[in-house]
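**Q** Mind having a look at this structure? Questions to follow.
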Amino acid sequence: MLLTAETIERELKSVADYTRAEILQGFFKTGPGEYAEGDVFLGIYVPTQRRLVKTYRAIPLTEIQKMLNSPIHEMRFCGLQILALNYRKGDDKTKLSIFKMAVKNIRRMNNWDLVDITAPNIIGFHLYTRDRSLLYKWAKSKNLWEKRGAMVSTLYFIRKGDYVDTLKLADILMSDKHDLIHKVVGWMLREVGKKSFMTTKKYLDKNFRKMSRTTLRYAIEKFPEVLRQNYLKGGNII
């Protein structure tokens with residue numbers, strides 16, 4: 001079995017479902033002027049891709065780079081899944097190489113699912129015990145995927161009970177104009193709330209009137225109904 005990008009591409013194309021691909025290209029906003037314009041799908045179910053990831057997890061980084069350069073969404077998805085799997089199980093040298101590759105290729109992760117594989121499982125994991133200034137640089141970027149990557153990376157911190165950077169980055173991104181950023185800020189605030197309800201509540205009490213409706217709805221999704229309605233109606237803090 002050849003551990004090459006070309007071999008994986010042949011395997012993916014052999015199970016392509018082009019009817020489903022057309023549906024996915026609509027769902028993932030690949031049309032002209034949309035956020036993932038030009039992204040190409042083969043219509044392959046995620047469990048099938050994950051089986052390939054396990055089979056080819058020993059593929060060299062040079063071949064993974066070829067996968068990340070591919071116009072095919074599922075090629076990039078599989079490449080990033082392999083990186084995340086190998087990061088988790090790698091030694092320090094391997095982890096550093098994979099982290100650097102993920103950072104270098106953040107703009108090739110040009111859809112939300114690709115960012116969401118990589119950001120917490122590689123970027124956030126790596127930065128948890130290190131300097132996190134990269135996330136603030138990304139949060140202030142004009143690039144949508146860098147901004148989303150900054151926020152989703154903090155999911156790893158949240159799981160460890162560390163919310164400081166999530167809230168600081170939420171401050172930076174709260175006024176962003178893009179719906180995907182509204183959603184991810186709300187999502188991360190909701191995740192904080194699962195671990196520490198009062199942390200999210202205190203943040204919302206201070207900021208809910210300034211944030212987008214989408215961000216607010218995502219953030220309060222798990223709140224008690226009475227409290228949810230109070231925020232949505234812009235009522236007094238309770």
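**Q** Just wondering, is there one or more residues in region 101-117 that are in a helix (DSSP H, G or I) and among the polar types (S, T, N, Q)?
**A** No; the residues of region 101-117 include none that is in a helix (DSSP H, G or I) and among the polar types (S, T, N, Q).
**Q** Out of Lys177, Lys140, Lys195, Lys147, report the one residue that is more than 26 Å from Glu34 (Cβ to Cβ) and not assigned by TED's automatic domain parsing to the domain that holds Ile106.
**A** Exactly one of Lys177, Lys140, Lys195, Lys147 is more than 26 Å from Glu34 (Cβ to Cβ) and not assigned by TED's automatic domain parsing to the domain that holds Ile106, namely Lys195.
**Q** Within region 43-89, how many residues are closer than 24 Å to Tyr18 by Cα and of a type in the set (Asp, Glu)?
**A** 1
**Q** Next question, about the same structure. Do we have Asn86 as among the polar types (S, T, N, Q) and either modelled with pLDDT under 95 or surrounded by fewer than 18 Cβ atoms within 10 Å (Cβ to Cβ) (or both) here?
**A** So Asn86 fails the test.
**Q** Only one residue in Asp171, Asp205 is outside any loop (DSSP other than H, G, I, E, B), assigned by TED's automatic domain parsing to the domain that holds Gly149 and closer than 20 Å to Tyr156 by Cα, so which one is that?
**A** Answer to the check: Asp171.
**Q** Still on this structure, I have one more. Enumerate the pairs (first residue in region 188-203 and within 15 Å of Leu169 (Cβ to Cβ); second residue anywhere and of a type in the set (Asp, Glu)) with beta-carbon separation below 9 Å, excluding pairs fewer than 6 apart on the same chain, so at least 6 apart or on different chains.
**A** Arg190/Glu221; Thr200/Glu191
The values are calculated or read from the model by the stated rules, or taken from the named source; none is laboratory data. Everything numeric here is computed off the predicted structure, so don't read it as measured data. Here Cβ is always computed from backbone atoms with ideal geometry, including for glycine, and neighbour counts include all displayed protein chains.
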